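Right, one structure below, let's go through it.
The values are calculated or read from the model by the stated rules, or taken from the named source; none is laboratory data. Bear in mind that the values here come from a model prediction, so they are computed numbers and not experimental data. No Cβ is skipped: glycine too gets one built from the backbone with ideal geometry, and neighbour counts run over all protein chains shown. SASA here: full protein model, heavy atoms, side chains in, ligands and nucleic acids out. Shrake-Rupley method; radii C 1.70, N 1.55, O 1.52, S 1.80 Å.
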Amino acid sequence: MTSNKRIEPWLFVLPALLVFLFTVIVPIIWSFTYSLYEWNGIGDKRFIGIDNYTRMLTDNVFITSFKNNLIFTGLGTVVQIVIGMTMAVILTSITKFRNFIKVIYFIPCVISSMAISQIFSKMLSINPEGVVNATLGAVGLDSLKAAFLSDPNLTLIIVTLVDAYKFCAIYMVIYYAAFLAISNDIIEASVIDGCNWWQQYIYMRFPLIKGIFFITVVMLVSGTLKGFDVPYILTNGGPGASSELVSTYMYKVAFNSVNYGYGSAIAVFLVIECLLIVTLIRKLISKVDVEA
Amino acid sequence: MKKMNKFFAILLCIGMLASIISACAGGNNNETTGASSNAQGGQQQEGGSDGPQPLKIHYLTSKLLSDGAVQTIMDLAEQYKQQVNPNFELEVESISDRPAYLQKIKILASANELPDWFDADPEPFFEGIAEKGLVVNIDDVYKEIGVTDKFFKVSIDYPRLDDGSLYLMTWNANAEYFWYNKELFEQAGVSAPTTFDEFLAISETLKSKGITPISVHGKDFWPLLRYMAFIPFRMEGNDYLDKLRKGEAKMADPAGMKAAEFIQKLGQNYFNEGWSNADYNTSLELFLSGKTAMYYIGTWQVKDMIDENMNLKENFGYFKMPQYSASDKTKVSDFFANSGIGTAIRQDAYNEEMKNFLQFLFDNYADTALYKYHVIPSVQPTIKDDLSQIYKDMLKDISEVETYTKVWDVRLDPETNESIGRESTNLALGLSTPEEFAKRMDDAIAQNAPKYFK
């Protein structure tokens with residue numbers, strides 16, 4: 001294994017590594033430095049040590065946003081996997097209009113978050129009446145009509161679902177590609193052995209795309225942990241802090257309250273949180289892998 | 001191999017995270033380089049001994065481009081270009097979404113890339129900008145061009161900082177009224193209130209007749225904070241807010257608690273459904289289309305309440321901030337009046353030619369603004385006999401104000417501001433009690449105020 005000690009591989013990696021260092025690692029270190037200061041952008045910086053971090057522990061809004069974020073991540077991940085997988089299975093099972101349906105399913109992905117959020121905010125609006133409330137009224141369910149985006153008990157679930165709606169087709173495409181990659185020989189063999197459609201999926205297809213599946217879980221969790229655009233545009237974290245996520249709160253602290261120090265501290269927290277949770281998931285996955 | 005996988009997954013994760021952080025900071029560069037090069041353009045071109053110097057002003061405004069004041073400024077800039085200086089150019093960029101605008105200015109200021117002209121309120125963050133000497137002292141400018149005496153008192157006093165210095169030019173003189181729909185009032189058999197008790201009573205009557213009493217939009221925080229300010233201002237004048245923001249008075253004091261209870265009562269009973277997520281235009285449209293009976297807004301929006309002859313439309317009426325009790329410290333003629341958001345000039349963008357333009361601008365501003373664009377100007381206009389009654393009344397109201405109500409979201413520090421915006425929404429939605437609200441606000445002020453008010 002002499003290849004490990006050679007310098008050439010490092011030379012090839014170097015350009016990418018440098019870009020990565022300057023665009024990723026340096027900003028993180030930078031954020032961490034800011035997080036030790038109190039700074040409003042124009043005045044002088046004041047070193048305050050870890051005060052910004054201890055403040056997080058007592059900051060109610062931060063704690064709420066953290067809890068909200070866990071719900072956003074948990075629910076969002078499950079919904080996107082289930083819907084993505086269902087759509088992929090449907091696509092694999094049909095033969096006619098496959099491409100057409102694939103495109104239809106994928107449309108939400110290519111619409112910008114801004115547009116999606118605006119569409120939903122108009123649809124869910126009560127005053128002027130949006131599509132959802134109008135439909136509820138038309139079918140006689142007047143009692144269910146509500147200002148959905150102003151109801152603090154619903155906003156978090158709504159933003160989670162809208163975010164999931166936007167991104168689930170990406171996972172559909174990934175699963176669909178994975179299903180296609182399974183060799184036909186295996187499937188045919190299973191058919192000869194008397195496998196029905198359901199058993200094909202349970203015993204053959206799902207286990208065969210397990211690796212891809214785990215990757216999507218990691219993607220989803222890290223993606224939703226830093227979820228920002230839909231909650232920010234649709235409800236702006238409100239009403240109150242009912243749909244505030246860690247990243248939207250970080251943004252507001254840094255750029256509305258102009259407390260760059262505390263904002264950076266929250267950003268650093270987000271980095272560590274993501275690393276921890278993703279590491280944890282990978283630990284669990286490797287355990288499952290070994291057992292299987 | 002597994003180790004490597006893990007390593008790459010972690011790197012990937014860091015990469016994704018970093019993209020948000022960098023996205024937040026990145027977006028502004030394009031715009032600002034343009035701005036600073038403009039400024040240089042204004043100063044570098046020293047050549048040409050005759051005639052006026054070329055001048056290009058980049059003005060970043062929080063007003064709509066269709067706003068009367070902005071229209072007037074652009075109109076006069078065009079006239080200036082044609083009549084005085086052919087090499088003059090005023091480039092107006094508008095970000096009318098107020099929170100987005102304020103954010104942008106804060107970021108530009110932090111990056112030391114402020115535009116030549118930009119809008120600001122006399123709030124603590126702007127005070128920091130002024131203290132650093134980044135903007136021009138407007139008192140001096142007004143004196144140089146000799147317009148100080150021509151302004152309405154409120155338009156020159158409102159934008160002053162705590163120490164009395166002035167760094168903001170203003171364009172409007174605004175009074176804020178409750179506008180109401182006469183038809184809906186008649187239907188419910190109520191008339192304009194003079195006290196807040198009556199105000200609540202007529203809201204109840206309107207509601208019982210199936211009419212939504214009040215239009216409010218909660219997407220911005222300021223409308224709710226106006227309602228928050230009413231009762232404390234009547235009870236204690238501006239003293240309460242001045243002390244509260246420094247932590248010397250408490251939200252838990254009687255004035256604060258009365259305000260909190262008032263907001264909660266309104267929010268839970270009398271505001272339009274879905275108000276907390278409604279935006280400016282939604283609440284305005286609700287009122288204009290007769291779906292709500294009352295709407296609190298300043299005279300900057302008066303163009304929607306008047307007909308083509310500048311007379312108040314038949315269907316609308318208006319009343320001033322009601323009184324609270326017989327022992328009020330402020331008079332009925334004292335209410336919310338202000339100059340609207342002001343405009344600052346970056347120190348190193350200011351020069352002789354800009355002064356000439358300002359001279360031209362302020363000499364012609366008042367009458368153009370009033371008679372051509374129907375906005376009440378910051379500079380006192382000539383009152384012509386055929387000016388409509390409502391404009392005469394509004395101008396009279398504005399000049400009669402002795403103590404104008406100070407605006408909470410301008411006076412409080414930026415961090416407390418963010419908290420009070422969020423918490424007052426919670427309060428009005430019934431998610432917290434007035435006591436909890438008061439405690440959270442007092443805690444926030446105790447934590448944030450010392451950083452801004454020493």
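Couple of notes before you dig in:
- Checklist (1) within 14 Å of another protein chain (Cβ to nearest Cβ); (2) open to solvent by 60 Å² or more (accessible area, probe 1.4 Å); (3) farther than 30 Å from B:K132 by Cβ applied to A:I63, failing item: (2)
- Considering the conditions (1) open to solvent by 30 Å² or more (accessible area, probe 1.4 Å); (2) within 30 Å of the chain's Cα centre (by Cα); (3) of a type in the set (V, I, T), B:I211 is excluded by exactly one of them, (1).
- Filter result for A:F20 (open to solvent by 40 Å² or more (accessible area, probe 1.4 Å), closer than 30 Å to A:A178 by Cβ, within 12 Å of chain B (Cβ to nearest Cβ) and at pLDDT 90 or above): yes
- When we screen B:Y365, B:Y350 for residues that are open to solvent by less than 20 Å² (accessible area, probe 1.4 Å) and either in contact with a helix residue (DSSP H, G or I) (Cβ under 9 Å, 6 or more places away or on another chain) or outside the structural domain of B:Q301 (by TED's automatic domain parsing) (or both), the only hit is B:Y365.
Residue-wise test of (1) under 24 Å from B:V70 (Cα atoms); (2) of a type in the set (F, W, Y); (3) in contact (Cβ under 8 Å) with a residue 12 or more places away in the chain.
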position	(1), (2), (3)
B:K132	no, no, no
B:D139	yes, no, yes
B:D162	no, no, yes
B:T170	yes, no, yes
B:A175	yes, no, yes
B:F185	no, yes, yes
B:S191	no, no, no
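- Boolean, A:L284 is modelled with pLDDT under 95, open to solvent by 40 Å² or more (accessible area, probe 1.4 Å), over 17 Å from the mean Cα position of the chain (by Cα) and not basic (K, R): yes
- Annotation: of all residues in the stretch A:236-259 being open to solvent by less than 10 Å² (accessible area, probe 1.4 Å) and within 18 Å of the chain's Cα centre (by Cα), the one that is nearest to the other protein chains (Cβ to nearest Cβ) is A:S247.
- Within the stretch B:73-187, helices (runs of 4 or more DSSP H) holding 2 or more residues that are within 15 Å of the chain's Cα centre (by Cα), within 14 Å of chain A (Cβ to nearest Cβ) and buried (at least 20 other Cβ atoms within 10 Å of the Cβ): B:98-110, B:124-131
- Search result, residues across the stretch B:411-432 that are open to solvent by 10 Å² or more (accessible area, probe 1.4 Å) and either aromatic (F, W, Y) or under 26 Å from B:D328 (Cα atoms) (or both): B:R411
- Residue satisfying all of: in the stretch A:168-198; open to solvent by less than 60 Å² (accessible area, probe 1.4 Å) and over 13 Å from A:I212 (Cβ atoms); farthest from the chain's Cα centre (by Cα) among these: A:G194
- Among the residues making up the stretch B:193-208, those that are polar (S, T, N, Q) and surrounded by fewer than 21 Cβ atoms within 10 Å (Cβ to Cβ) are B:T194, B:T195, B:T205, B:S208.
- Some residue of the stretch A:124-140 being under 24 Å from A:Q80 (Cα atoms) and under 25 Å from the mean Cα position of the chain (by Cα): yes
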